[in-house]
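First comes the structure, then the notes that go with it.
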Amino acid sequence: MKGRYLRVGIQNGIFFDYFYKPVVGSFGMNPFLSSKPPIHLLSLEEAEERLEPYKPLLDECIQHGWDAWNRDYTHKHHLLRPRARAAIVFDEIVFKAQEIFPVIPGVKFEPHNSSFLLYIGDDIIIRFKKIKKNGRCSNINTRQQALFKLQQVFLPGMEPGTALTAGYALDELQRSIVRKLVVCQFDNRVLWTLELLKRPNAQVVEMSPTPPPTTPRKRFEPKPEAVPESRKHKKKGTEG
């Protein structure tokens, strides 16, 4: 594949990341791109084993972002559009990730331009995104996003990494999360997905069994029919 290495993200005079920049045609397509995924990508089984210790943490970050949106921005829900909501949730996820991951050995959480990347070990790169129903990520088509989709993400002194997206998918009404997952995508194809922890949307309360229906008691007992005095005397006379 034709291309060149591109340095990005300089901090204190030292660049902390670089990407392989493929040749891109006039319509945003790479004419030299193979239809087969790169051989360095992790399989679902390999990724599941590697990410198992981090799944609860990724789930916690995503859930924090959504909970913050519902807790702190409820009074603005009728004003904010989907793009603003996604930006707020993303910022809250990043805030939580910055608290959790920097203290974990072998994990780095670094800013990259206007985004953040989570480096796990020496071959996994994770970003956070909202995910569509088909498993593909919601992206604005930039060159950086194209490099991520084409699995052309490299790290200094490392082999090519597997670029993954940890994200969430919403229901039809965009009111609750229905899936939290990690997605491996190549170009516009979803190669595999890995579900994160599932949580109930609402607390389940156990209800005691309903007792069988009972026959209702009558409020009033009918009084016996009154017998006229003349009939009483007549009845006594007949008996005598």
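The values are calculated or read from the model by the stated rules, or taken from the named source; none is laboratory data. No experiment lies behind these values; they were computed from the predicted model shown. All Cβ positions, even for glycine, are placed from backbone atoms using ideal geometry, and neighbour counts span all protein chains on display.
Miscellaneous remarks
- Check on THR193, in contact with a strand residue (DSSP E or B) (Cβ under 7 Å, 6 or more places away or on another chain) and either modelled with pLDDT of 90 or more or surrounded by fewer than 17 Cβ atoms within 10 Å (Cβ to Cβ) (or both): yes
- Selection within region 153-171 - part of a loop (DSSP other than H, G, I, E, B) and either surrounded by 21 or more Cβ atoms within 10 Å (Cβ to Cβ) or modelled with pLDDT of 90 or more (or both): GLY161, ASP171
- Residue that is surrounded by the fewest Cβ atoms within 10 Å (Cβ to Cβ) [pool: residues in region 70-119 that are aromatic (Phe, Trp, Tyr) and under 19 Å from the mean Cα position of the chain (by Cα)]: PHE95
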